[in-house]
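A.B. asks: Take a look at this one; I'll ask things after.
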Amino acid sequence: MSRQKRERQAHRLHRAGAEVTALKIAVTYIVFGGAWILFSDRVLGLFIFDPATLTSLQTVKGWFFILLTGGFLYLLAERQIGRLRRHDLALRGIVEGLSAHVGNEFFASLTRQLALTTHARSTLIGEYLPDRGTIRTLAFCTDGVLQDNYEFPLDGTPWASILEGKPLFFPRNVCRQFPAPPILVKLGAQSCLGAPLFDAERRVTGMIAVISDRPLRDPVLCQSLLQIFAVRAAGELERKVHTDLLQTRFDEIRTIFDTLHAVVYVADLEDYRLLYLNRRGAALFGEEWQNKTCYEVLQSGIKDPPCNFCTNAILSGHELNDPPHEWEFLNTVNQRWYQCTDKVIRWTDGRKVRLEIAIDITERKEMERMKEEFLAAVSHEMRTPLTAILGFAEYLLENPSTPEERLSFLTTLHQEGERLNTLIDNFLELQRLQAKKSDYQFVPLPVAELYEKTLGHFTYTAPTHHFVIACPKGLPPVPGDRQGLEQLLENLVSNAVKYSPKGGIITLGAHREGSEIILWVRDRGIGIPPGEEDRIFERFYRVDRSNRREIAGTGLGLALVKEIAAAHEGRVWLERPPGGGSTFFVALPLSRRDSQSKVPPGPETPPTPEGQKAVFNPDESR
């Protein structure tokens, strides 16, 4: 109902009260005046017989009647006008008392004010729940005290007629007509008035009611008040329903946003104030984000003006149906890369705001960087053997050569081809391991047997080196993939051979520490400089020293060792023993997390060359 219609209804209420007052005064005056004229003349006629005296007394009687009726009418008018003034003040008090309240405070204030104005014992405002056929009170005041809200059925109550959109009017004896409802029995109700609450589509959404334990003084006035304030209560109830619905949807969306592995926030387009920040964003950038700008919370060292990469200027010209704006940036707080999707949305108060969903893409950026470095390294490493192969092949095609020269050239071509083949094999295996696509078959493998088979490949290719196997007796087998562990050991031994160019002893040892088997390969070569222990396991990384650059290599061998160990749930590291050289360690678990198999206990021994030994001397074997 519009404001003008409410004003017209209030005006009709005042006019009705004035008409009733005027009617009461007129009727009282007619009755009193007629009775005075009729009876006073008869009384004087019975006692006064002199006409002159009778005329004088009638004159006195007239003046007395004027004074008496004037005073009586004054008192009656003052009483009625005072009553209307009190109701007017009460009506104004209700309006002023409600103007500063919304939501539950409004309903509570309205019920208290109505109870005071109507002198009723109880007043209530309820929301109709059509799926249950019940009324749930939003505010319930009894004897001037707010009561706990509760829900009651409409069947069998006087309020059932409200569902038809009709007002409720029982000024007396309501319990005789409806003896069953507990609420009426508990309050000892004698009178009950009510009005339905409608939404914008004229559907019943609730009711407002007055209940008294005695007949109401002025039920017509009470009913008029209910109908007036039913309009305001209906509007507030509709606003509450819409607000609750929005809050429910917002809570659902917030629950979804809180489960995302992304930063989600809403900021004002004009003053940059944060209106919402999801759980992950609060965990990363702090819980104290309320009443702060987005650049104060989400960036570092930016106070005013905002970030130079802010998209507010772009989004200010966007409409709600425009596509989102996507961009990437490096966060200055945690130094991580984010892919951002910004969209203009409508906030709950109607203003346009910026919604941003920022997904952490640091790993992707790192992978892109590593991919670029990897392709550059592959191109560089493959160019060396390819250049040699193409050069010698071109020389053989264009120049005559002796059988000895051809044999030398073909040997070089074969070596470079083997080098290129090893590079490709290591590269493909490394990619399979990093993509978790290697089909490993884990079986118990004796360590000494693995060592012996590995050293068999180096018997004739490393004639200046002596190999020693140092494994204690009773060492339990290690669970692993045979081909994978053989490749791991071949790379470690090949690395030890290459970086011991003058020959010497290379020791392959093993021992048990707790629930792990520790494999190690020790050489007495040129060693690793301090500070390079971790980087040598990176792909294509090689120590930048002149005496190492002379040694051919792809930079993939140790990276492949690390990936194979990781696929076995193991770890690798490097130590520099006294006297020079390097010792590479590989720790492998005796039982895997995804396997129920248990390895029988074996001896725990320190990493010493004592125990079972097998010495491989290539010179003697030939």
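A.B. asks: How large is ³J(HN,Hα), in whole Hz, for each residue of region 572-583 in order, when computed from phi with the Karplus curve 6.51 cos²θ - 1.76 cosθ + 1.60 and θ = phi - 60°, using x for Gly and Pro?
C.D. replies: Karplus-based 3J(HN,Hα) across region 572-583 equals 10, 7, 10, 10, 9, x, x, x, x, x, 9, 10 Hz.
A.B. asks: Straight-line reach from LYS61: which aspartates and glutamates have a Cα under 14 Å away, not including same-chain ones fewer than 8 places off?
C.D. replies: Candidates past the 8-residue exclusion: ASP41.
A.B. asks: Quick one: Karplus J couplings for region 508-513, per residue in order, coefficients 6.51, -1.76, 1.60, θ = phi - 60°, nearest Hz, x for Gly and Pro?
C.D. replies: 10, x, 7, 7, 9, 10
A.B. asks: Considering only protein heavy atoms, with the full assembly of protein chains and a 1.4 angstrom probe, order VAL31, VAL353 by accessible area, largest first.
C.D. replies: Largest accessible area first, the list is VAL31, VAL353.
A.B. asks: Treating only the Cβ of Lys, Arg, Asp and Glu as charged (+1, +1, -1, -1), what charge dipole size does region 432-528 show about its Cα centre? Round to the nearest 20 debye.
C.D. replies: Working: 11 positive and 9 negative charges, 45 e Å.
Charge dipole, region 432-528, about its Cα centre: 220 debye, nearest 20.
A.B. asks: So who's got an amide H within less than 5 Å of the one on TYR276, skipping anything under 5 residues away but keeping other chains? H placed 1.01 Å off N, in plane.
C.D. replies: When sequence neighbours closer than 5 places are left aside, the close amide H contacts are VAL266.
A.B. asks: Still on this structure, please answer the following. Return the subset of LYS365/LYS498; LYS166/LYS352; LYS453/LYS473; LYS473/LYS562; LYS502/LYS562; LYS473/LYS502 for which the Cα-Cα distance in this structure is over 30 Å, preserving the input order.
C.D. replies: Values: LYS365/LYS498 35 Å; LYS166/LYS352 42 Å; LYS453/LYS473 18 Å; LYS473/LYS562 27 Å; LYS502/LYS562 27 Å; LYS473/LYS502 32 Å.
Checking Cα-Cα distances, LYS365/LYS498; LYS166/LYS352; LYS473/LYS502 exceed 30 Å.
A.B. asks: Here's something else I'd like to know. So who's got an amide H within less than 5 Å of the one on GLU328, skipping anything under 5 residues away but keeping other chains? H placed 1.01 Å off N, in plane.
C.D. replies: The list, which skips near neighbours in sequence, is CYS340.
A.B. asks: Using alpha carbon centroids, what distance separates region 184-224 and region 459-529, in Å?
C.D. replies: 94
A.B. asks: Still on this structure, I have one more. If ligands, DNA and RNA are left out, what is the accessible area of PHE584 with a 1.4 Å probe, given in Å² to the nearest 10?
C.D. replies: 10
A.B. asks: A further question on this structure: For the ranges 442-448, 194-200, what's the packing order if you count other beta-carbon atoms within 10 Å of each residue, average per peptide, and put the highest first?
C.D. replies: With the highest mean Cβ count within 10 Å placed first, the list reads 194-200, 442-448.
A.B. asks: Sequence-distant or interchain residues sharing an amide H contact under 5 Å with THR205, placed H: which?
C.D. replies: Here the answer is LEU197, PHE198, ASP199, since their amide H atoms fall under 5 Å of that of THR205.
A.B. asks: Quick one: ranking TYR276, TYR395 by accessible area, 1.4 Å probe, largest first, what do you get?
C.D. replies: Details: TYR276 15, TYR395 95 Å².
If we order TYR276, TYR395 from most to least accessible, we get TYR395, TYR276.
A.B. asks: Toward the positive end of the charge dipole of region 126-217, about the Cα centre and with charges on Cβ (Lys, Arg +1; Asp, Glu -1), which of LEU168, PHE198, PHE152 goes farthest?
C.D. replies: Working it through, the farthest residue towards the positive pole turns out to be LEU168.
A.B. asks: Nothing charged except the Cβ atoms of Lys and Arg (+1) and of Asp and Glu (-1): what's the magnitude of the dipole of region 152-294 about its Cα centre? Round to the nearest 20 debye.
C.D. replies: Its charge dipole is roughly 620 debye.
A.B. asks: Please list 3J(HN,Hα) in residue order for region 318-329, calculated via the Karplus relation 6.51 cos²θ - 1.76 cosθ + 1.60 where θ = phi - 60°; whole Hz, with x for glycine and proline.
C.D. replies: For region 318-329, the Karplus curve yields 8, 9, 5, 8, 6, x, x, 9, 10, 6, 10, 7 Hz.
A.B. asks: For a quick check of understanding: with a 1.4 angstrom probe and all protein chains in place, what accessible area in square angstrom does ARG406 have, to the nearest ten?
C.D. replies: The accessible area of ARG406 comes to roughly 100 Å².
A.B. asks: Same structure again: Give me the distance between the Cα centres of region 263-289 and region 322-345, rounded to whole Å.
C.D. replies: About 13 Å separates the Cα centre of region 263-289 from the one of region 322-345.
A.B. asks: Turning to a different aspect of this structure: How would ASP268, ASP322, ASP155 rank on accessible area, largest to smallest, probe 1.4 Å? Display every interim value, and only then the final one.
C.D. replies: On the way: ASP268 10, ASP322 50, ASP155 135 Å².
Of ASP268, ASP322, ASP155, the descending order of accessible area is ASP155, ASP322, ASP268.
A.B. asks: Hey, another quick one. Please report, in Å, the Rg and the Dmax of region 331-377, where both are computed over Cα atoms only.
C.D. replies: 16.7, 57
The values are calculated or read from the model by the stated rules, or taken from the named source; none is laboratory data. For clarity, every value in this text was computed on a predicted model and none was experimentally measured. Neighbour counts are summed over all protein chains in view; Cβ atoms, including those assigned to glycine, are modelled from backbone coordinates with ideal geometry. Keep in mind that these areas ignore ligands, DNA and RNA; they rest on the heavy atoms of the full protein, side chains included. Shrake-Rupley method; radii C 1.70, N 1.55, O 1.52, S 1.80 Å.
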